[in-house]
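Okay, so here's the structure we're looking at.
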Amino acid sequence: MAMGGRLVTCGCAAVLLATALLLCAPDATEAYDSLDPNGNITIKWDIMQWTPDGYVAVVTMYNYQQFRHIGAPGWQLGWTWAKKEVIWSMVGAQATEQGDCSKFKGDTPHSCKKDPTVVDLLPDTPYNMQIANCCKAGVLSTFNQDPANAAASFQLSVGLAGTTAKTVKLPKHFTLKTPGPGYTCGRAIVGKPTMFFSADGRRATRALKTWKVTCTYSQFLAQKTPSCCVSLSSSYNDTTVDCPTCSCGCQNPNRITCVNKDSPHLRSAIDGPGKWTGQPLVECTSHMCPVKINWHVKQNYKDYWRVKITVTNLNFRMNYTEWNLIVQHPNFDNITQLFGLNYKPLTPYGGGINDTAMFWGVEPYNDVLMQAGKLGSVQAELLLRKDSQTFTFEKGWAFPRRVYFNGDNCVMPAPENYPSLPHAMHAL
């Protein structure tokens, strides 16, 4: 395909993504989260062919995080060129700015920026501008939830770059935004050339050169305040322990930090600045969190007990697609039945300890958590078998130890405030 005066072709065939993710699994690297110690996003920059003044490369991002995905409005990948490279053309993505290309006569590059930022294309992109694993509006799923969409790829033709493996230089200062901060990317290193297999598996080709970049996530870098909180309730106590006050910030009377759901100015606030930047517009509450999770001990049977989980979206600007919960509880090795949830056990500590579970919605029933309003919540239930050696309703044992929403650690109530067991029921 001729684009921008340069012939852009790619000799690699489509690969089976789930297999590719496993074969390309990363080595243990420094991570920020004890529940996903090796989780990262790995970027591979594969040079596929040489051109008269540079090369054609396929860039692929693999999400190796167990429970953190990139939702709308999608990823933004940036870097700084080592020399005076330009992007002649792209397939499957686009640079956000062309930059100053005034020195070029005739064919004009797609981008002349020294530090370009690249974004994904939309799903309705014409087929002649697509490659495998592109055009998902920047959404990058987790391998646990949706392995077929846990990678994103694009192709670019790079000019003024050198035409041999010795003369090309690795790009520097990679950045990954979603679109906010949170990810820190290491330097690009030379890796083992990536192998590509044809659809029938009968032919293998390999990249001429491969560079590899690893990006890790920190919730502390992503946001100054938490993004979710947990409330607790039970059938044996009428008291509901709400999220701690100011869990995600406090209401500021001197400026608008939240909106009442019955406010006549709600619509103008929703459509105002920040709609597409990921900046939340939350309902006015004592905790000011965009997302609230309620854990309710619903029923007690002879051999089983039942929990109801409610996730409420209080953010008027966000639909949470492919949401997930990570919950820690010592009874999760006895999960018997789930209602309205998918489930996968996680064992971050090894040693056969099964106290961490990943839950997510059932498509298309409740896999999207709609923005604040009448439909802004999802509910599901768990049935757990009692272990006679450990089970008790005393001292808050029935409540979770930690809860994550979309990979972010949620604020829990203080243990001394948990719903207490009436004295008449201590024998349960």
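The values are calculated or read from the model by the stated rules, or taken from the named source; none is laboratory data. On a predicted model such as this, the values are computed, not experimentally measured, just so you know. All Cβ positions, glycine included, derive from the backbone under ideal geometry; neighbour counts span all protein chains shown. Side chains included, ligands, DNA and RNA excluded: accessible areas come from the protein's heavy atoms. Shrake-Rupley method; radii C 1.70, N 1.55, O 1.52, S 1.80 Å.
Per-structure values
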read-out	value
Inter-residue pairs, beta-carbon under 8 Å, first over 18 Å from ASN406 (Cα atoms) and in region 349-375, second polar (S, T, N, Q) and open to solvent by 50 Å² or more (accessible area, probe 1.4 Å), 6+ apart	ILE353/THR347; ASN354/THR347
Test for ASP303: is it over 24 Å from GLN65 (Cα atoms), modelled with pLDDT under 90 and either in contact with a helix residue (DSSP H, G or I) (Cβ under 9 Å, 6 or more places away or on another chain) or open to solvent by 60 Å² or more (accessible area, probe 1.4 Å) (or both)	no
Region 384-428 - residue that is over 30 Å from THR321 (Cα atoms) and basic (Lys, Arg) and, of those, modelled with the highest pLDDT	ARG385
Residue within region 144-161 that is touching a residue at least 40 places away in the same chain (Cβ under 8 Å), in contact with a Pro (Cβ under 7 Å, 6 or more places away or on another chain) and either open to solvent by 60 Å² or more (accessible area, probe 1.4 Å) or on the phi < 0 side of the Ramachandran plot (or both) present	yes
Number of the condition not met by ALA398 [criteria: (1) over 27 Å from ILE41 (Cα atoms); (2) in contact with an Asp or Glu (Cβ under 9 Å, 6 or more places away or on another chain)]	(2)
Qualifying residue in region 348-362 (condition: farther than 20 Å from GLN145 by Cβ, modelled with pLDDT of 85 or more, hydrophobic (A, V, I, L, M, F, W, C) and open to solvent by less than 20 Å² (accessible area, probe 1.4 Å))	no
Single condition LYS172 does not satisfy, out of (1) at pLDDT 95 or above; (2) open to solvent by less than 30 Å² (accessible area, probe 1.4 Å); (3) over 26 Å from ASP33 (Cβ atoms)	(2)
Hits in region 233-285 (condition: modelled with pLDDT of 75 or more, closer than 19 Å to GLN371 by Cα and open to solvent by less than 70 Å² (accessible area, probe 1.4 Å))	CYS248, CYS258, VAL259, PRO280, LEU281, VAL282, GLU283, CYS284, THR285
Residue check for GLU97: under 23 Å from MET48 (Cα atoms), acidic (Asp, Glu) and either modelled with pLDDT of 95 or more or in contact with a Lys or Arg (Cβ under 7 Å, 6 or more places away or on another chain) (or both)	no
Flag if ASP367 is open to solvent by less than 60 Å² (accessible area, probe 1.4 Å) and touching a Pro at 6+ places or on another chain (Cβ under 8 Å)	no
Residue match in region 384-394 (condition: touching a residue at least 40 places away in the same chain (Cβ under 8 Å), surrounded by fewer than 21 Cβ atoms within 10 Å (Cβ to Cβ) and among the hydroxyl-bearing types (Ser, Thr, Tyr))	yes
Strands (runs of 3 or more DSSP E) (entirely within region 14-92) containing at least 3 residues that are of a type outside the set (S, T, N, Q), buried (at least 22 other Cβ atoms within 10 Å of the Cβ) and modelled with pLDDT of 90 or more	41-51, 54-63, 86-91
Test result for ASN128, outside any loop (DSSP other than H, G, I, E, B) and at pLDDT below 95	yes
Long-range neighbours under 9 Å by Cβ, at least six apart or interchain, first residue more than 20 Å from THR51 (Cα to Cα) and open to solvent by less than 30 Å² (accessible area, probe 1.4 Å) within region 193-215, second in a strand (DSSP E or B) and charged (D, E, K, R)	PHE196/ASP46; PHE196/ARG206; VAL213/LYS44
Hey, ASP124 under 29 Å from MET370 (Cβ atoms) and free of Cβ contacts under 8 Å to residues at least 12 places away in the same chain or not	yes
Boolean, PHE143 is touching a helix residue (DSSP H, G or I) at 6+ places or on another chain (Cβ under 9 Å), closer than 30 Å to ASN409 by Cβ and among the aromatic types (Phe, Trp, Tyr)	yes
Selection count where residues are under 29 Å from the mean Cα position of the chain (by Cα) and of a type in the set (Asp, Glu), scope region 72-126	4
